[in-house]
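The structure appears below as structure tokens.
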Amino acid sequence: MTISVLDRERVVEGPRPGDMPYLGMLHDAASQVDEAMLPCRANNPELWFAELPNDVEFAKTLCQACPVQEMCLDGAKARREPWGVWGGELFLQGVVIPRKRPRGHPRKSETAA
């Protein structure tokens, strides 16, 4: 059973206090749109979980024209997605980050000189 099926079953039961937005709602909204307009379905899905910064930026750009972008982003924030591009933003450990750094490059911090 897929997660979208499980989420739709919970919707039938009714929301509970503290429940997050359902993935099933996103899948339902996306099913109302021609798949050619959904970049994550029309392109290689691995692009949204790419290792190379240029590929990640390309995926973020593709999301800008997506008709369900806002719903995708809101759901990813609520679920604290562990990684990947969701709704045109890059997530790492549940937090939106501005860009992906290439491997071997440490994060900039105030302590680094």
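The values are calculated or read from the model by the stated rules, or taken from the named source; none is laboratory data. Owing to the predicted nature of the structure, the values given are computational and were not obtained by experimental measurement. Glycine gets a Cβ as well: all are built from the backbone with ideal geometry, and neighbour counts include every protein chain shown.
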**Request:** Only residues that are among the small types (Gly, Ala, Ser) and either at pLDDT 75 or above or over 17 Å from Cys72 (Cβ atoms) (or both): list them for region 1-27, please.
**Result:** Gly14, Gly18, Gly24
**Request:** May I ask you to list the residues in region 40-63 that are over 21 Å from His27 (Cα atoms) and part of a loop (DSSP other than H, G, I, E, B)?
**Result:** Ala50, Glu51, Leu52
**Item:** Residue among Ala59, Ala36, Ala30 that alone is in contact with a Pro (Cβ under 9 Å, 6 or more places away or on another chain) and modelled with pLDDT under 90
**Value:** Ala30
**Near pairs, Cβ below 9 angstrom, 6+ apart or cross-chain, from region 63-80 (touching a residue at least 60 places away in the same chain (Cβ under 8 Å)) to any residue that is aromatic (Phe, Trp, Tyr) and crowded, with 18+ Cβ neighbours inside 10 Å** = none
**Request:** Taking only region 33-66 into account, find how many residues are out of contact with any strand residue (DSSP E or B) (no Cβ under 6 Å at 6 or more places or on another chain), loosely packed, with under 14 Cβ neighbours inside 10 Å and of a type outside the set (A, V, I, L, M).
**Result:** 11
**Prompt:** For region 80-113, what are the residues that are of a type in the set (D, E, K, R), modelled with pLDDT of 90 or more and on the phi < 0 side of the Ramachandran plot?
**Reply:** Glu81, Glu89
**Request:** For residues that are under 15 Å from Pro98 (Cα atoms) and assigned to a helix (DSSP H, G or I), tally how many sit in region 64-86.
**Result:** 2
**Prompt:** Of all residues in region 67-87, which are buried (at least 17 other Cβ atoms within 10 Å of the Cβ) and within 14 Å of Arg41 (Cα to Cα)?
**Reply:** Val68, Gln69, Cys72, Val85, Trp86, Gly87
**Request:** Output the qualifying pairs, or none if there are none: Cβ atoms under 7 angstrom, residues six or more apart or on different chains, first residue in region 48-60 and under 11 Å from Val85 (Cα atoms) and without any contact (Cβ under 8 Å) to a residue 60 or more places away in the chain, second residue assigned to a helix (DSSP H, G or I) and not hydrophobic (A, V, I, L, M, F, W, C).
**Result:** none
